[in-house]
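The values are calculated or read from the model by the stated rules, or taken from the named source; none is laboratory data. Keep in mind that this is a model prediction, so the values were computed, not measured. Cβ atoms come from the backbone with ideal geometry, glycine included; neighbour counts cover every protein chain shown.
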Amino acid sequence: MTTTVFLEVRLRDDLSAETIESAIRETLAQTAAFPGNESLEVLIDDADLNRLVVLEVWTSTDAHDAYVAWRATPEGRAEALAAILAEPPVTRTFERKITLP
């Protein structure tokens, strides 16, 4: 069963748009290449341009858990992303869904 993850981040306001976009692209290229990742999308809050939601779709909760474990290793650290964050990110994971007609 697929798992959808919302990663909400608040960006620092003292960095250039180029620095921020470069860090996001670098980090998400690694995420997209990780086994089990099906898609990624970055959504920018209309009311607060320093707030983003990364919408991730994974093949399973186990695939996402493996990714999270990898990010906790020295090889998987997302240092570029960490450098642009104003506060720790918030992760919400959704596996169950209501099927609509």
Determine the pairs where a residue that is touching a residue at least 12 places away in the same chain (Cβ under 8 Å) and over 18 Å from VAL54 (Cα atoms), located within segment 11-26, has a partner that is of a type in the set (Val, Ile, Thr) and surrounded by 13 or more Cβ atoms within 10 Å (Cβ to Cβ) with Cβ atoms under 8 Å apart, the partner being 6 or more residues away or on another chain.
LEU15/ILE84
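Wholly within segment 1-89, which helices (runs of 4 or more DSSP H) include no fewer than the required count, namely at least 3 residues that are at pLDDT 95 or above?
Details: elements: 17-33, 61-71, 79-82.
Answer list for segment 1-89: 17-33, 61-71.
Of everything in segment 57-101 that's among the small types (Gly, Ala, Ser) and in contact with a strand residue (DSSP E or B) (Cβ under 9 Å, 6 or more places away or on another chain), which residue is surrounded by the most Cβ atoms within 10 Å (Cβ to Cβ)? Walk me through it before giving the result.
Looking only at segment 57-101, we keep the residues that are among the small types (Gly, Ala, Ser), and these are 60, 63, 66, 69, 72, 76, 78, 80, 82-83, 86.
Keeping just the survivors that are in contact with a strand residue (DSSP E or B) (Cβ under 9 Å, 6 or more places away or on another chain) gives 60, 63, 86.
Details: SER60: 13, ALA63: 17, ALA86: 13.
Restricting to residues being among the small types (Gly, Ala, Ser) and in contact with a strand residue (DSSP E or B) (Cβ under 9 Å, 6 or more places away or on another chain), the top hit is ALA63.
If you check LEU81 against the conditions, is it within 12 Å of VAL9 (Cβ to Cβ) and in contact with a Ser or Thr (Cβ under 9 Å, 6 or more places away or on another chain)?
Values: within 12 Å of VAL9 (Cβ to Cβ): yes; in contact with a Ser or Thr (Cβ under 9 Å, 6 or more places away or on another chain): yes.
Criteria met by LEU81.
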So which residues in segment 29-41 are closer than 22 Å to THR19 by Cα and surrounded by 15 or more Cβ atoms within 10 Å (Cβ to Cβ)?
GLN30, THR31, LEU40
Quick check: is even one residue across segment 47-54 among the small types (Gly, Ala, Ser), closer than 20 Å to ARG10 by Cβ and out of contact with any Leu (no Cβ under 9 Å at 6 or more places or on another chain)?
yes
